[in-house]
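The values are calculated or read from the model by the stated rules, or taken from the named source; none is laboratory data. Please read all numbers here as calculations on a predicted model, not as lab measurements. With ideal geometry, Cβ positions are generated from the backbone for all residues, glycine too; neighbour counts draw on all protein chains shown.
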Amino acid sequence: MTNVFALLRLLPVSDRDKDAEILALRHQITVLERHAAKSRPGRPGRPRTVRSIRLLVLRLARENPGWGYRRIHGELLVLGIKTAASTVWEILHDARIDPAPQRTTATWARFLRAQAGALLACDFFETVKQPGSPMPPGTWPWTLTTPAAGRGS
């Protein structure tokens with residue numbers, strides 16, 4: 001309805017006045033668009049994480065498969081890189097890396113390889129019992145009980 005009144009108002013006006021008003025309206029629109037473009041950010045939300053930090057997070061996850069996103073976040077803080085733990089989680093998630101330590105399943109072969117030195121050291125470990133001292137119950141050598149003679153067979 002207001003458009004009709006605006007049109008009726010322009011009917012008795014000369015073409016020169018109409019051109020001047022159109023020019024003024026175009027100027028107002030240009031000024032408003034320029035102001036709106038400056039006041040609204042180009043991308044909504046937080047800025048992206050720096051590429052070098054993203055690469056560092058992925059490298060830490062690749063070189064330390066047992067670390068979860070919280071451990072990686074802690075190591076970044078030690079290095080002086082301030083990011084949120086959720087940011088580390090998102091970086092790993094976007095790279096399709098499981099953000100939890102379940103990335104690797106512990107296999108027996110990996111466990112034995114990691115513990116080989118300790119297992120080898122245990123093979124050469126020997127305990128010596130002092131003569132005359134009693135052996136604690138449940139320790140080596142285990143005594144085998146044999147059925148007493150004469151009792152059923």
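Checked against (1) polar (S, T, N, Q); (2) modelled with pLDDT under 90; (3) in contact with a Leu (Cβ under 8 Å, 6 or more places away or on another chain), T83 passes all but condition (2).
Could you grab me the full set of residues in region 1-53 that are β-branched (V, I, T) and either surrounded by 10 or more Cβ atoms within 10 Å (Cβ to Cβ) or modelled with pLDDT of 80 or more (or both)? Walk me through how you get there before you give the answer.
Applying the first criterion (β-branched (V, I, T)) to region 1-53 yields 2, 4, 13, 22, 29-31, 49-50, 53.
Once the filter is applied, which keeps residues that are β-branched (V, I, T) and either surrounded by 10 or more Cβ atoms within 10 Å (Cβ to Cβ) or modelled with pLDDT of 80 or more (or both), region 1-53 yields V13, I22, I29, T30, V31, T49, V50, I53.
At least 2 residues being assigned by TED's automatic domain parsing to the domain that holds A114, out of contact with any strand residue (DSSP E or B) (no Cβ under 9 Å at 6 or more places or on another chain) and in contact (Cβ under 8 Å) with a residue 40 or more places away in the chain is the threshold, and among the helices (runs of 4 or more DSSP H) wholly inside region 15-98 not one reaches it.
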